[in-house]
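For reference, the structure is listed below as structure tokens.
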Amino acid sequence: DTEVTQTPKHLVMGMTNKKSLKCEQHMGHRAMYWYKQKAKKPPELMFVYSYEKLSINESVPSRFSPECPNSSLLNLHLHALQPEDSALYLCASSQALVGSTDTQYFGPGTRLTVL
Amino acid sequence: GENVEQHPSTLSVQEGDSAVIKCTYSDSASNYFPWYKQELGKRPQLIIDIRSNVGEKKDQRIAVTLNKTAKHFSLHITETQPEDSAVYFCAAIGGGSQGNLIFGKGTKLSVKP
């Protein structure tokens, strides 16, 4: 099974709402990633977890809060977002630690619209 | 840090022709170069990758070549089909401790029937 799943597929939220994005993988991967992708642009790395610990935070605003409850799950908590945060949010996982040459597998993404 | 340049940004070919997309990278310590295909509204999907200990890798109609001296790598698609139409991203993992995937800006490939 080489699948990463994400829920929800689509999310519309107001600027005062709090919502969460969820990502799950059952490949035994120990590194998990959050990316943001705007239209016609490549994915931009936001956060990396390695062995359930936050390894990289690419200077992401605090209105995005990641969480890794266990080795299979990755959440992204959203609060007080801005319209410019509207994008496709992609989760990915890879077998081993950051810095390896292991393949990253992407989930289908959550299409987020902030009104 | 690593920087990846990708050309061309758009590419239109006739069905059956070959397509070539080229990328250059800046960090000579980079050692992993994947290519992702992304169809409209879908996830990026790995189509082929190459590690720095090989110069070429082939998988049916798709091949990737790597020139470490010149710091460039290329994707070759032969006998293109309409279903090859998508955005293709090259990427590199930098040699530094971070090991982040650094993406090129993408190439929109259109294959005309």
For this session: Hey, can you tell me all the residues within the range B:73-95 that are part of a strand (DSSP E or B), more than 10 Å from chain A (Cβ to nearest Cβ) and closer than 14 Å to B:Ile62 by Cβ?
Result: B:Phe73, B:Ser74, B:Leu75, B:His76, B:Ile77, B:Ala86, B:Tyr88
Seminar exercise, completed: Among the residues of the range B:11-29, the number that are out of contact with any Ser or Thr (no Cβ under 7 Å at 6 or more places or on another chain) and exposed (fewer than 13 other Cβ atoms within 10 Å of the Cβ) is 3
For this session: Please enumerate the residues belonging to the range A:76-100 that are crowded, with 17+ Cβ neighbours inside 10 Å and either at the interface with chain B (Cβ under 8 Å from one of its Cβ atoms) or not hydroxyl-bearing (Ser, Thr, Tyr) (or both).
Result: A:Leu76, A:Leu78, A:Leu81, A:Asp85, A:Ala87, A:Leu88, A:Leu90, A:Cys91, A:Ala92, A:Val98, A:Gly99
Exercise. Do you know which residues across the range B:43-65 are among the hydrophobic types (A, V, I, L, M, F, W, C) and assigned to a strand (DSSP E or B)?
Worked result: B:Leu46, B:Ile47, B:Ile48, B:Ile50, B:Ile62, B:Ala63, B:Val64
Seminar exercise, completed: Taking the range A:8-37 and keeping only residues that are open to solvent by 70 Å² or more (accessible area, probe 1.4 Å) and under 11 Å from A:Leu90 (Cα atoms), one is left with A:Lys9, A:Lys22
For this session: Identify all residues within the range B:30-62 that are more than 11 Å from chain A (Cβ to nearest Cβ), open to solvent by less than 50 Å² (accessible area, probe 1.4 Å) and either acidic (Asp, Glu) or out of contact with any strand residue (DSSP E or B) (no Cβ under 8 Å at 6 or more places or on another chain) (or both); write none if there are none.
Result: none
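The values are calculated or read from the model by the stated rules, or taken from the named source; none is laboratory data. This one's a predicted model, so the numbers in the text were calculated from it and none came from an experiment. Ideal geometry is used to build each Cβ from the backbone, glycine not excepted, and the neighbour counts take in all protein chains shown. Heavy atoms of the whole protein, side chains included, go into the accessibility calculation; ligands, DNA and RNA do not. Shrake-Rupley method; radii C 1.70, N 1.55, O 1.52, S 1.80 Å.
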